[in-house]
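Undergrad: Sharing a structure below in structure tokens format, with a few things to ask.
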Amino acid sequence: MSVAARQVVLGRRPHGAPCAGDFAIQHITLGAPRSGEVLVRNLWLSLDPYMRLFMNDQGGVHGSVPVGAAMPGGAVGEVIASAHPALPLGSYVVSMAHGWRDHYLADGGQLQPVNAPKALLHRFLGLYGLTGITAWGGIHGVLKPGAGETVFINAAAGAVGSVAVQLAHSAGAKVIACAGSDDKGAWLTGALGADHFINYRREDVRVRLAELAPEGLEMMFDNVGGEQLEIAIDAMKPKGRIALCGAVALYNSENYRAGPRNLFAVIEKHISLTGFNAGFYFSEAPRIIDEFAAAEATGKLIEEITVVDGLDAMPHGFVAMLAGHNRGKMLVRL
């Protein structure tokens with residue numbers, strides 16, 4: 001048995017913002033699974049900002065994908081051939097390493113079985129997966145908002161940000177959401193419960209934060225880094241707390257790991273900066289998923305997805321996602 005498969009590889013390292021031409025489609029042949037392995041046909045693929053870091057050669061915990069190698073990422077798929085006793089044909093599995101391709105062979109022990117209807121599988125890349133667990137970790141694991149406290153959330157209309165807005169709102173916090181279009185602002189304040197919106201493309205974020213939180217911020221959920229993080233540090237109250245989730249504003253720069261220039265203000269104001277990622281909260285995943293499902297059932301949590309179709313469209317979808325053209329989670333449907 002063999003399967004003709006395709007995968008997206010890194011064709012060249014981008015300098016600055018990536019483009020679809022930085023990727024290439026590679027045709028490969030996969031054989032039958034050996035003992036303990038499964039052959040998987042992917043159904044949904046995840047697109048996330050952190051994947052931009054794989055394209056750099058700056059080091060870091062993510063490492064660098066060699067030019068010519070397949071891009072890694074999240075995927076949910078169906079087992080179509082199996083030599084693993086716990087994963088029979090027709091099983092659904094999630095992998096955090098085998099995205100950006102339509103089929104793959106893998107050790108079944110490295111995959112996460114999913115017992116869910118086919119129509120809900122995409123959620124295990126989004127709300128019930130990396131996205132939702134990240135948002136939960138930042139809000140409930142790090143910030144722990146109290147009723148009436150003010151939280152600033154940037155990239156608020158993206159995958160993680162949109163869930164974080166809803167969780168903070170449900171906790172009773174006053175939410176100031178920041179994104180790049182007025183349409184997104186209307187969605188954030190209308191459907192998701194944000195109290196205020198800042199359009200960073202046409203408004204001065206520093207001025208608007210001073211207007212909306214004249215006494216200062218208690219909290220920030222930071223997905224952007226760079227200038228917005230610096231502005232928020234200046235706007236924080238003493239003993240404020242910041243959850244550092246990402247720094248997408250820096251991912252195309254020569255040093256995406258650069259820190260804020262006003263770091264000493266953190267000392268002066270006794271601000272807590274806590275970096276985190278979903279991996280620290282995966283042990284809580286069953287409880288988080290149950291919590292999210294209950295919130296969805298009562299209309300207190302909304303999942304929003306933006307979908308592109310087909311592996312060939314994946315590079316274009318990735319570029320569009322980095323440019324902020326998505327609302328909620330960006331997915332590729334195969």
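Undergrad: Which pairs break 30 Å Cα to Cα here: LYS184/LYS269; LYS239/LYS329; LYS174/LYS269; LYS118/LYS144?
TA: Result: LYS184/LYS269; LYS239/LYS329; LYS118/LYS144 exceed 30 Å.
Undergrad: Would you work out which of ALA297, LEU209, ASN199 lies farthest towards the positive end of the dipole of the chain, given +1 charges on the beta-carbon of Lys and Arg and -1 on that of Asp and Glu, about the Cα centre?
TA: ALA297
Undergrad: Rounded to a whole number of µm²/s, how large is the Stokes-Einstein D of segment 34-137 at 37 °C and 0.692 mPa s, given Rh as the Kirkwood radius over C-alpha pairs?
TA: Approximately 228 µm²/s, per Stokes-Einstein.
Undergrad: Applying the Karplus parametrisation 6.51 cos²θ - 1.76 cosθ + 1.60 with θ = phi - 60° to the phi angles of segment 287-292, what ³J(HN,Hα) value in whole Hz is obtained for each residue in order, glycine and proline being reported as x?
TA: 5, 5, 4, 4, 4, 5
Undergrad: Which value, in Å to one decimal place, does the Kirkwood hydrodynamic radius take for the chain when every pair of different Cα atoms is included?
TA: 20.6
Undergrad: Rounded, prolate or oblate: which one fits segment 54-201, using the alpha carbon gyration tensor with axes a ≥ b ≥ c (rounded when a/c is under 1.5, else prolate when a/b beats b/c, else oblate)?
TA: Prolate shape, in that a/c is at least 1.5 and a/b is the bigger ratio.
Undergrad: Debye calculation, C-alpha points only, no solvent: report log10 I(q)/I(0) for segment 47-108 at q = 0.21, 0.23, 0.26 Å⁻¹, in the same order as the q values.
TA: Here the Debye-derived log intensity ratios amount to -0.84, -0.93, -1.08.
Undergrad: Could I ask something else about it? Counting other Cβ atoms within 10 Å of each Cβ, which GluC sites (Glu not before Pro) in segment 229-327 have at most 11 and sit in a DSSP loop?
TA: GLU254
Undergrad: Between ALA97 and HIS270, what is the label-point separation in nm under the 7 Å Cα-to-beta-carbon projection?
TA: Placing both labels 7 Å along Cα→Cβ, they lie 4.5 nm apart.
Undergrad: Beyond 18 Å, how much of the Cα-Cα pair distribution for segment 130-279 remains, as a whole percent?
TA: 52
Undergrad: Report the charge-dipole magnitude of the chain in Debye, nearest 20, computed about the Cα centre from +1 at each Lys and Arg Cβ and -1 at each Asp and Glu Cβ.
TA: In debye, rounded to 20, the chain gives about 320.
Undergrad: Expressed in nm to one decimal, what extension gain is obtained for the pair HIS325 and SER35 from 0.36 nm per residue of sequence separation less their Cα-Cα distance?
TA: 100.1 nm
Undergrad: State the answer as a single residue: which of ASN262, ALA24, GLY36 lies farthest towards the positive end of the charge dipole of the chain, with beta carbon charges of +1 for Lys and Arg and -1 for Asp and Glu, about the Cα centre.
TA: Value: GLY36.
Undergrad: So which aspartates and glutamates can LYS237 reach, going by Cα to Cα under 14 Å and dropping same-chain residues fewer than 8 places off?
TA: In chain and number order, the partners are GLU149, GLU215, GLU218, GLU268.
Undergrad: Considering only DSSP states other than H, G, I, E and B, which trypsin sites (Lys or Arg not before Pro) in segment 193-278 qualify as loop sites with at most 11 other Cβ atoms within 10 Å?
TA: Here the sparse-neighbourhood loop sites are ARG201, ARG202.
Undergrad: With +1 on each Lys and Arg Cβ and -1 on each Asp and Glu Cβ, how big is the dipole of segment 1-127 about its Cα centre, in debye rounded to the nearest 20?
TA: Charge dipole of segment 1-127: 160 debye, to the nearest 20.
Undergrad: How would segment 228-334 be classified by its alpha-carbon gyration tensor: rounded, prolate or oblate, with rounded meaning a/c under 1.5 and the a/b versus b/c comparison settling the rest?
TA: In terms of gyration-tensor shape, oblate.
Undergrad: Gain in length, ALA294 to ARG257, computed as 0.36 nm per residue apart minus the alpha-carbon separation, to one decimal in nm?
TA: Net length gain for the segment: 9.6 nm.
Undergrad: Can you compute the helix-only [θ] at 222 nm over the chain? Use -39500 (n - 2.57) per DSSP H run of at least 4 residues, normalise by all residues, nearest 500 deg cm²/dmol.
TA: Counting only the DSSP helices, I get -6000 deg cm²/dmol.
Throughout, read-outs are computed from the coordinates displayed, never taken from laboratory work. Please read these numbers as outputs of a predicted model, since none were measured by experiment. Glycine gets a Cβ as well: all are built from the backbone with ideal geometry, and neighbour counts include every protein chain shown.
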